[in-house]
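Quick notes on the structure that follows.
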Amino acid sequence: MLECLFQTSDGNSCDSRDTNANSCVENKNLVAANDVTTHSFDFPTEMCGRLIGQRGRNVAVIKEKSGAEIFIRGKQYNTAWQIVTLEGLSFFIDNLVSAVM
C-alpha cells in the first residue's frame, strides 16, 4: 500500500528506503517545503480498525513514510461514519487520499 504513496504522475518514485519525507521531496523537487494542506473525508466506522492497524501500526507507518498527521474522530449524529483528517505536504496528502479511498 505505501509504495504507491510515493509515485509521481510521471511514474517515478522516491527511494522506499528513504524514511524522511522532506528529503525525498527535496530530491525530486516535487513540492515547496511550506506547501501544507488538510483534507477531511468520511470513512466507514467498520473499516477504521484496518486503517489504524493493530496497536496503531498502520497509522505509525503512514506518518513515518509521508510525514502526514492523521486524525480520526466520530461524527456526532452518525455512528456509521468517522471523519478522517489528513494534514501534511500536499503531494503526500493527495497520494494518501488516493490510496485510502
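Here, each number is a calculation from the coordinates, and none is a lab measurement. All values reported here derive from a predicted model rather than from experimental measurement.
Distances between placed amide hydrogens fall under 5 Å for residue 81 paired with 45, 75, all partners being 5 or more residues away or on another chain.
Summarising the amide proton neighbourhood of residue 53: residues at separation of 5 or more, or on other chains, whose placed amide H is nearer than 5 Å comprise 58.
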